[in-house]
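Student: Following this message is one structure expressed as structure tokens.
The values are calculated or read from the model by the stated rules, or taken from the named source; none is laboratory data. Owing to the predicted nature of the structure, the values given are computational and were not obtained by experimental measurement. For neighbour counting, all protein chains shown are included, and Cβ atoms are generated from backbone atoms with ideal geometry for every residue, glycine included.
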Amino acid sequence: MTRLSLISNVLLAGLILSGCSGYRPAPAAFHEMLDQPYRLGAGDRIRVTVFEQDALTNTYSVDQSGYFAFPLVGAVPARGHTVQQIEATLATKLRQGYLRDPDVSVEVDRYRPVFVMGEVGSAGQYSYVPGLTVQKAVAMAGGYSARANQDSVDITRDINGKVITGRVRTTDPLLPGDTVYVRERLF
């Protein structure tokens, strides 16, 4: 074996082994999303309170197209908007011939679910609660299977309309709508 082929074999083996190493950090956008205001998406349910207007105060679900139907004003775009933006939009629309000075408050009543798949006891859809981490989501899904890689998981997340998958530690927080995939360990 020549020296050149020996070097190329060593480099090839190093590349293969580095591809098998466990943890590759997620893109920076994964962690930047945690510091941003929450943006609504399909499957969220919001509670809208219009003070002194009991007929308008109710819970509304964001549909698949990213809208919710609100009395008097019709379909209101919600996907990608914060609750503060929805408050301002509703107040503006209600001011246009319906109410003189509407006082609108919006809060998230129920977040869209997270999905846990792979090497867990019971893969499926689970309710999101603020503060949910990968570990807690796996616990809700029946814990790890005997073959699970418990060091890191893959998360698929919608970041500004772009679906990105990244590998994170099990202590990392989740966001509503995340899909967690627990991989099988190699040995």
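Student: Which pairs do you get when a residue that is among the hydrophobic types (A, V, I, L, M, F, W, C), found in region 137-157, comes within reach of a residue that is in a helix (DSSP H, G or I) and at pLDDT 95 or above, reach meaning Cβ atoms under 7 angstrom, with the pair 6+ apart or on two chains?
Tutor: Val153/Val134
Student: May I pose another question? Let me confirm something: among Leu99, Leu132, which residue is touching a residue at least 40 places away in the same chain (Cβ under 8 Å) and in contact with a Leu (Cβ under 6 Å, 6 or more places away or on another chain)? Spell out how you get there, then give the answer.
Tutor: Working: Leu99 fails: in contact with a Leu (Cβ under 6 Å, 6 or more places away or on another chain).
Among Leu99, Leu132, only Leu132 is touching a residue at least 40 places away in the same chain (Cβ under 8 Å) and in contact with a Leu (Cβ under 6 Å, 6 or more places away or on another chain).
Student: What are the pairs with Cβ atoms under 8 angstrom where one residue, in region 173-187, is within 9 Å of Phe115 (Cβ to Cβ) and the other, located anywhere, is basic (Lys, Arg) and assigned to a strand (DSSP E or B)? Sequence gap at least six, or different chains.
Tutor: Sorted first by the residue in region 173-187, then by its partner, the pairs are Gly177/Arg157; Asp178/Arg157; Thr179/Arg157.
Student: Now, a different point. Kindly indicate which of Val129, Val108, Val182 is within 30 Å of Val50 (Cβ to Cβ), β-branched (Val, Ile, Thr), touching an Asp or Glu at 6+ places or on another chain (Cβ under 7 Å) and surrounded by 13 or more Cβ atoms within 10 Å (Cβ to Cβ).
Tutor: Values: Val129 fails: touching an Asp or Glu at 6+ places or on another chain (Cβ under 7 Å); Val182 fails: within 30 Å of Val50 (Cβ to Cβ).
None of the others qualify; the one that does is Val108.
Student: May I ask you to list the residues in region 117-166 that are in a helix (DSSP H, G or I) and under 24 Å from Ala42 (Cα atoms)? Even if it seems obvious, please write down each step before you answer.
Tutor: Initially, region 117-166 is screened for residues in a helix (DSSP H, G or I), giving 134-140.
Selection gives Val134, Lys136, Ala137, Val138, Met140.
Student: Right, another one. Pick from region 41-52 the residues that are in a loop (DSSP other than H, G, I, E, B) and at pLDDT 95 or above: which of them is nearest to Gly131 (Cα to Cα)?
Tutor: Filtering region 41-52 for residues in a loop (DSSP other than H, G, I, E, B) gives 41-44, 51-52.
Remaining after also requiring at pLDDT 95 or above: 44, 51.
Numbers: Asp44: 17, Phe51: 30 Å.
Looking at residues that are in a loop (DSSP other than H, G, I, E, B) and at pLDDT 95 or above, I get Asp44.
Student: Show the residue pairs that are 6+ apart or on different chains and have beta-carbon atoms under 6 Å apart, the first residue being within region 60-71 and closer than 14 Å to Lys93 by Cβ, the second being outside any strand (DSSP E or B).
Tutor: What qualifies is Phe68/Val62; Phe68/Ala78; Pro71/Leu56.
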